[in-house]
Amino acid sequence: TFVVTENCIKCKYTDCVEVCPVDCFHEGPNFLVIDPEECIDCTLCEPECPANAIVAEDDLKAEHAHFKPLNAELAKAWPVITERKDAPEGAKDWDGKPDKLKLLER
Ligand code: SF4
Ligand code: F3S
């Protein structure tokens with residue numbers, strides 16, 4: 001399974017969604033998640049993210065370990081997204097900023 005991690009928050013470029021062959025991305029207000037029950041580990045989305053926010057679960061850093069259950073939880077609550085859309089205003093400025101988890105909107 002691949003996991004969307006912190007740097008997606010407030011960047012949400014959505015380049016990742018169009019390459020997924022099984023439509024496992026789900027969209028919230030300022031973050032995307034991957035449904036771990038649908039992801040087939042094809043690896044296609046990982047290089048698509050300009051914010052480098054998508055990580056294989058085996059490569060998750062300790063500080064991002066909590067994003068694994070967070071993806072699973074929010075994938076159940078949020079709708080599927082399959083088409084790319086414009087990034088939110090200020091996405092570039094938020095790229096790489098620390099401590100974005102507290103800004104996550106549900
Ligand atoms: Fe979709 Fe493949 Fe990415 Fe999994 S690894 S989320 S199946 S594109
Ligand atoms: Fe987020 Fe990267 Fe996709 S910023 S929306 S994981 S392209």
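If you take the residues in region 68-86 that are surrounded by 14 or more Cβ atoms within 10 Å (Cβ to Cβ) and in contact (Cβ under 8 Å) with a residue 60 or more places away in the chain, which one is farthest from LYS12 (Cα to Cα)?
Residue satisfying both the conditions and the ranking: LYS68.
Is it the case that region 81-101 has a residue that's polar (S, T, N, Q), at pLDDT 95 or above and away from ligand 1 (no atom under 16 Å from the Cβ)?
No, the conditions are met nowhere in region 81-101.
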Quiz prompt | region 42-54 residues that are at positive phi, paired with ones that are surrounded by 13 or more Cβ atoms within 10 Å (Cβ to Cβ) (beta carbon under 7 Å, 6 or more apart) | solution = ASN52/ASN7
Quiz item: Does ASN71 satisfy the criteria of being within 14 Å of the chain's Cα centre (by Cα) and on the phi > 0 side of the Ramachandran plot?
Solution: no
Quiz item: Quick one: TRP94 ticks every box in (1) more than 12 Å from the chain's Cα centre (by Cα); (2) of a type in the set (Phe, Trp, Tyr); (3) farther than 16 Å from GLU105 by Cα bar one, so which box is it?
Solution: (3)
Quiz prompt | In region 4-32, the residues that are over 17 Å from ASP86 (Cα atoms) and among the β-branched types (Val, Ile, Thr) | solution = VAL4, THR5, VAL22
Exercise. For LEU60, indicate whether it is more than 13 Å from ligand 1 (Cβ to nearest atom), without any contact (Cβ under 8 Å) to a residue 40 or more places away in the chain, surrounded by 13 or more Cβ atoms within 10 Å (Cβ to Cβ) and not acidic (Asp, Glu).
Key: no
Practice problem: Go through the residues of region 93-104 one by one and say whether even a single one is under 17 Å from VAL3 (Cα atoms), in a loop (DSSP other than H, G, I, E, B) and of a type in the set (A, V, I, L, M, F, W, C). | Solution: yes
Exercise. Being under 19 Å from PRO79 (Cβ atoms) and of a type in the set (Val, Ile, Thr) is the filter here, so list the residues in region 4-53 that pass it.
Key: VAL4, ILE9, THR14, VAL17, VAL19, VAL22, VAL33, ILE34
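The values are calculated or read from the model by the stated rules, or taken from the named source; none is laboratory data. All figures in this text were calculated on a predicted structure; none of them were measured in a lab. Every residue, glycine as well, gets a Cβ built from its backbone with ideal geometry; the counts of neighbours run over all protein chains shown.
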